[in-house]
């Protein structure tokens, strides 16, 4: 008690002074003298009703705010985690976290479907898929290869795309992009106009020999390919050898193609050979 005021709700000990003549000394402890004895008495005053309601209300408000903040934190954390997992999976699938500047473009399935006119113009077929001719929005002609019967998951596909994207050689078909949507695995290559070497080597119809001085444009679109003279064949063999040497000795990673054959050797302008089907390398 201070100046006659007692704070409500406080539990303390109060000492009372009583006349010694009216009580026995053995019932009290404290100061003893002829006139008085000090007796400790524990008391607790109840809180006023209004103050009790105020404290209860404050406790409810604090608990409500705490629960709301906790739920908000859990919600935002869960939202962030979902987005993180989504973009992490995309990065693992498409290699966005390590995509080099100027590397292959990631196409959508809709873009390639439109470029190939709903995949209606096949120009080649193999054990691993069909190749379609297409035209991008910027006017570039492309060869779109839809892979089939490909084992492995997204990580394996991205590993192959990454390896191919690092290869830059005159005698290798250039990879321009890829697509990995709706369960599809598609590679987008530069279009090589003169077709594959087997179309020139294995013919059943006799045609005039083609010499190096003749125009390449006359060959494009021709069903019966002309016979290549030995000078052109030598250039083709030399170009293929350079491509293999690049894969074996000059790449950042040692690569074995394992499927070198005339069907996988494409002929570009001036019959410059380009080794294809790098997506099947081991």
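Quick notes on this one:
- Of the residues in the range 124-144, at least one is over 17 Å from residue 192 (Cα atoms), loosely packed, with under 12 Cβ neighbours inside 10 Å, at pLDDT below 80 and in the same structural domain as residue 195 (by TED's automatic domain parsing).
- Count - residues of the range 229-278 that are farther than 20 Å from residue 190 by Cα and buried (at least 21 other Cβ atoms within 10 Å of the Cβ): 1
Per-residue answers, yes or no, for (1) modelled with pLDDT under 80; (2) under 31 Å from the mean Cα position of the chain (by Cα); (3) not assigned by TED's automatic domain parsing to the domain that holds residue 141; (4) not in a loop (DSSP other than H, G, I, E, B):
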site: 161; (1), (2), (3), (4): no, yes, no, yes
site: 168; (1), (2), (3), (4): no, yes, no, no
site: 176; (1), (2), (3), (4): no, yes, no, yes
site: 189; (1), (2), (3), (4): no, yes, no, yes
site: 199; (1), (2), (3), (4): no, no, no, yes
site: 205; (1), (2), (3), (4): yes, no, no, no
site: 217; (1), (2), (3), (4): yes, no, no, yes
site: 224; (1), (2), (3), (4): yes, no, no, no
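The values are calculated or read from the model by the stated rules, or taken from the named source; none is laboratory data. Please read these numbers as outputs of a predicted model, since none were measured by experiment. Every residue, glycine among them, receives a Cβ derived from its backbone with ideal geometry; neighbour counts consider all protein chains shown.
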